[in-house]
Amino acid sequence: MIDNIQRIQKEVGSELAKVSDLDSLEKLRVHYLGKKGIITSLMASLRDLDPERRREMGASLNSLKTDFEAQLDSRKRDMARVQLDKELTQSPKLDVTLPGQFPIATGSFHPITLVMEEMVEAMERIGYQVASGPEIENEFFNFEALNTPSDHPARDMQDTFYIDKGILLRSHTSPVQIRTMKDRQPPLQIISVGRVYRSDYDMTHTPMFHQMEGLFVEQSVSLADLKATLQYLVKQLFGNQPLRFRPSFFPFTEPSAEVDMRCILCKGAPKECRMCGSSGWLEIGGCGMVHPNVFRSVNYDPDRVTGFAFGMGIERISMLKYGIDDLRSFFENDYRMLEQF
Ligand code: DAH
């Protein structure tokens, strides 16, 4: 038996040297150490020997086995290293720039948040302060103080969400003008961004959306100041785009205007422009000179102060900026859309 063990020892050595891949290494292991393997069978036959020989042969067999196992292990590690080297150096090459198997998802800001921050920062650079007000408002701040009479269509239940008698979800950010003027004295230079609510839902209207309000009150503010301010803001957001002011009506301003920006897609030379509906212009907000009645409602003297105000839809600006064409996609929380920002 001892001859047998020595023979196997040699044989194992030369067999191991011949093996060149993990598969044949495993076969070799099974051949010697598997259930019916050579070494395993020899181990089993020990019980037929007398105790002294059994001890002697057992020790030799054990050392053969541990030796073999150690060699198997070291060959296995060598081969794994060679295999990895091969994968790293031979084609198809391992592309380390591919995303990992379990990428760590990073968060990003919502496009509305991004545009709001950009607008606020632009206005802060020219001296505006951020003011805020509640989303649950009362009729006084949302309508009355803004010179909006009780028979005005905006005050209808159809358009505004009423919570209780006289209590509603603000339908614009303009009540922040009133709240701020009631609290403070001119000169005032404020903006306010936030959520507003209207009872509307289709391709271009959602029941909640965002606005930015601006208000400047001083001794002698002119329409030219308003124009320069909006021109500045548009330049910060979109680059140099001409503006146009169309006469309009808002109860809280006189005169009032709607502001259009030269279409950023067709640059005002529309053949068939889907962005501006081939008009060459994009509406971006409303504005005007603060109505004397608004000043009266906050106990400012309209003979001593003047002011301008403006309001813009943040969704509208975001859609233009990022080329988004369905308003509803802002609120569907589809990751594929949100991940792009
Ligand atoms: N509040 C108006 C709206 O929601 C927008 C607006 C127009 C705000 C003119 C103003 C303004 O401050 O002067 O439609």
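Electrostatic tally near Gln185: other residues with Cβ closer than 12 Å to its Cβ, Lys and Arg +1, Asp and Glu -1, net 0. For region 1-78, the set of trypsin sites (Lys or Arg not before Pro) satisfying both a DSSP loop assignment and a count of at most 16 other C-beta atoms within 10 Å is given as Lys35, Lys36. Neighbours of Lys235, meaning other residues whose beta-carbon lies under 13 angstrom from its beta-carbon, give a summed charge of +2 when Lys and Arg score +1 and Asp and Glu score -1.
The chymotrypsin sites (Phe, Trp or Tyr not before Pro) found in region 158-250 that occupy coil by DSSP, while having at most 11 further C-beta atoms within 10 Å, are Tyr201. Among beta bridges identified by DSSP and lying wholly in region 111-338, the antiparallel ones come to about 95 percent. Legend: helices of the chain (whole DSSP H runs) are marked when their alpha-carbon atoms reach 18 angstrom or more along the helix axis and their mean Kyte-Doolittle hydropathy is at least 0.5; marked are 223-238.
What dipole magnitude, in Debye to the nearest 20, does region 223-300 give about its Cα centre under +1 on Lys/Arg Cβ and -1 on Asp/Glu Cβ?
Using only the charged Cβ atoms, the result is roughly 240 debye.
Look at the Cα gyration tensor of region 206-267: its axes a ≥ b ≥ c give a/c of at least 1.5 with a/b at or below b/c, and that counts as oblate.
Just check region 106-210 against the gyration tensor rule for me: Cα atoms, a ≥ b ≥ c as the square roots of the eigenvalues, rounded for a/c under 1.5, and otherwise prolate or oblate depending on whether a/b exceeds b/c. Judged from the Cα gyration tensor, region 106-210 comes out oblate (a/c at least 1.5, b/c at or above a/b). Could you tell me the relative contact order of the chain? Use alpha-carbon pairs under 8 Å, at least six residues apart, and round to a whole percent. Across the chain, relative contact order equals 15 percent.
Converting the Cα gyration tensor eigenvalues of the chain into ellipsoid dimensions via √(5λ) gives semi-axes, longest first, of 84, 23, 18 Å.
How about region 81-142: which trypsin sites (Lys or Arg not before Pro) there are in a DSSP loop, with at most 13 other Cβ atoms within 10 Å of their Cβ? The partial results should precede the final answer.
Values: sites: Arg81, Lys86, Lys93, Arg125; in loops: Lys93.
Filter output for region 81-142: Lys93.
Of Val30, Val196, which has the most accessible area and how do the rest follow, probe 1.4 Å?
If we order Val30, Val196 from most to least accessible, we get Val30, Val196.
The values are calculated or read from the model by the stated rules, or taken from the named source; none is laboratory data. It should be emphasised that the depicted structure is a prediction, and the values quoted were computed from it without experimental measurement. Neighbour counts run over all protein chains shown; Cβ positions are idealised from the backbone, glycine included. What goes into the accessible areas is simple: the full protein's heavy atoms, side chains included, and nothing from ligands, DNA or RNA. Shrake-Rupley method; radii C 1.70, N 1.55, O 1.52, S 1.80 Å.
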